[in-house]
1. Before we move on, is Phe113 modelled with pLDDT of 95 or more, under 19 Å from Asp69 (Cβ atoms) and of a type in the set (Phe, Trp, Tyr)?
2. Kindly list the number of the only condition in (1) in a strand (DSSP E or B); (2) within 20 Å of Glu94 (Cα to Cα); (3) free of Cβ contacts under 8 Å to residues at least 24 places away in the same chain that fails for Asp195.
3. Filter segment 108-142 down to the residues that are more than 18 Å from the chain's Cα centre (by Cα) and part of a helix (DSSP H, G or I), then identify the one that is surrounded by the fewest Cβ atoms within 10 Å (Cβ to Cβ).
4. Within segment 156-169, work out how many residues are crowded, with 19+ Cβ neighbours inside 10 Å and part of a strand (DSSP E or B).
5. Residues of segment 57-78 being surrounded by 14 or more Cβ atoms within 10 Å (Cβ to Cβ) and under 22 Å from Cys88 (Cβ atoms), which ones?
6. Would you please name the residue that is nearest to Gln125 (Cα to Cα), looking only at residues in segment 72-92 that are of a type in the set (S, T, N, Q) and not in a helix (DSSP H, G or I)?
7. Any idea how many residues of segment 170-188 are surrounded by fewer than 20 Cβ atoms within 10 Å (Cβ to Cβ) and either in contact with a Pro (Cβ under 6 Å, 6 or more places away or on another chain) or not in a loop (DSSP other than H, G, I, E, B) (or both)?
8. How many of the residues in segment 182-207 are among the charged types (D, E, K, R) and under 15 Å from Ala153 (Cβ atoms)?
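The values are calculated or read from the model by the stated rules, or taken from the named source; none is laboratory data. Please read all numbers here as calculations on a predicted model, not as lab measurements. Glycine gets a Cβ as well: all are built from the backbone with ideal geometry, and neighbour counts include every protein chain shown.
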Amino acid sequence: MPILKIIRYGAWGAVVIVAFAAAAITLGWWRVDGPGRPSSGGSVSTPLADVGGPFTSTDHTGRKVSQADYLGKPTLVFFGFTHCPEVCPTTLFELTTLLGKLGADADRLNVLFVSVDPERDTPAQLSLYLQSFDPRIVGLSGTQAEVDAALKAYKAYARRIPTAEGYTMDHTASVYLMDAEGRFRSLIDYHEEQDSALAKVRLLLKR
């Protein structure tokens with residue numbers, strides 16, 4: 001399986017993501033039988049609480065939300081921004097296709113698009129942008145402090161990069177798969193084969 005890919009311009013982001021990805025097993029599924037102990041079957045043991053956690057945000061309808069609002073269902077989390085030229089629209093299109101293939105099971109999932117560009121990504125901007133994708137995808141933004149807290153909780157990377165036109169954002173490009181209790185279970189890599197991504201999500205729904 002390809003290691004977690006990111007669009008990276010900074011060495012700091014590369015170090016964090018490579019270290020994070022190095023703990024993944026062949027299919028990206030992590031298990032813990034106890035804190036710091038190897039799990040049965042040879043899987044790499046990593047405390048699930050290390051990825052994910054409390055956050056507050058505002059969704060694309062203007063409603064104030066927190067991670068508690070999405071517990072009870074497995075959740076797919078993707079960090080990006082609406083001015084993204086390729087990675088974000090491609091990933092959201094692939095998630096839209098995946099939800100279509102799941103059929104009625106798609107209603108048993110939360111799918112969150114968390115903006116790393118709160119300066120431009122207001123709820124109104126997110127709402128307009130998400131009209132091109134599956135309506136079950138929820139856009140989240142907030143203050144810079146709220147975005148930074150979410151990035152830290154998920155060990156995700158984002159950095160503002162100046163350009164001739166203004167700026168763009170360098171960011172983690174994989175989708176986090178969280179179970180119904182908010183625990184990290186897997187990653188969908190950028191441009192991962194649809195069959196592989198679909199299998200991971202179906203396994204997540206069975207847990």
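1. In short, yes.
2. Unmet condition: (1).
3. Per the stated criteria, the residue is Ala124.
4. 2
5. Hits for segment 57-78 are Ser57, Thr58, Asp59, His60, Val65, Gln67, Tyr70, Pro74, Thr75, Leu76, Val77, Phe78.
6. To start, the set of residues in segment 72-92 that are of a type in the set (S, T, N, Q) comprises 75, 82, 90-91.
Among the residues that remain, those that are also not in a helix (DSSP H, G or I) are: 75, 82.
Working: Thr75: 23, Thr82: 8 Å.
Out of the qualifying residues, it is Thr82.
7. Number of matching residues: 3.
8. 1
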